[in-house]
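Below: one structure, written as structure tokens.
The values are calculated or read from the model by the stated rules, or taken from the named source; none is laboratory data. Model, not experiment: these values are computed from the prediction. Cβ: placed from backbone, ideal geometry, glycine included. Neighbour counts: every protein chain shown.
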Amino acid sequence: MFSNELVDTAEYFSDKNVVLVGYPGVFTPTYTATHIPEYIEAAEEIKGHGADEIVAISLNDPFVTSVFASHLGGKQQINFMADGNGEFTKALGLEIDRSSAMLSICNKRFSMFIKANQIVEFKNLKSIWRLSIWISCMI
């Protein structure tokens, strides 16, 4: 199912413990094959450590983001958000200009733990198992 509703992130994150995962783009080799699938596979473990929700976000339009989520089969485990205009990403200072490689403006790769609308911790983690340990320390 596709939804292109605008989300007020201050309201959305206000009463939750959220793991927010930024990835540079949909259907890129690394994020299709390993990075996002690792979060899908570890979703229950991550939630078992106190995260209410896992949200994956990138600077793509909502249409392609929805197709990407369906392709990965992870819509039941994590939520996917599109930051089509890059407003959220730019507000956090997490954009990167990859136009020299014909990739436009993208998210940097990141993981952050948001607790009641406050960024508690920010990481650029390369391993999903470290994320579970990290979350358990934040709760």
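Contact map, the stretch 29-47: residues that are more than 19 Å from residue 65 (Cα to Cα) and among the small types (Gly, Ala, Ser) paired with residues that are modelled with pLDDT under 90 and in a helix (DSSP H, G or I), Cβ distance under 6 Å, separation 6+ or inter-chain. Pairs shown: 42/128.
Taken over the stretch 96-109, residues that are within 17 Å of the chain's Cα centre (by Cα), part of a strand (DSSP E or B) and surrounded by fewer than 18 Cβ atoms within 10 Å (Cβ to Cβ) amount to 2.
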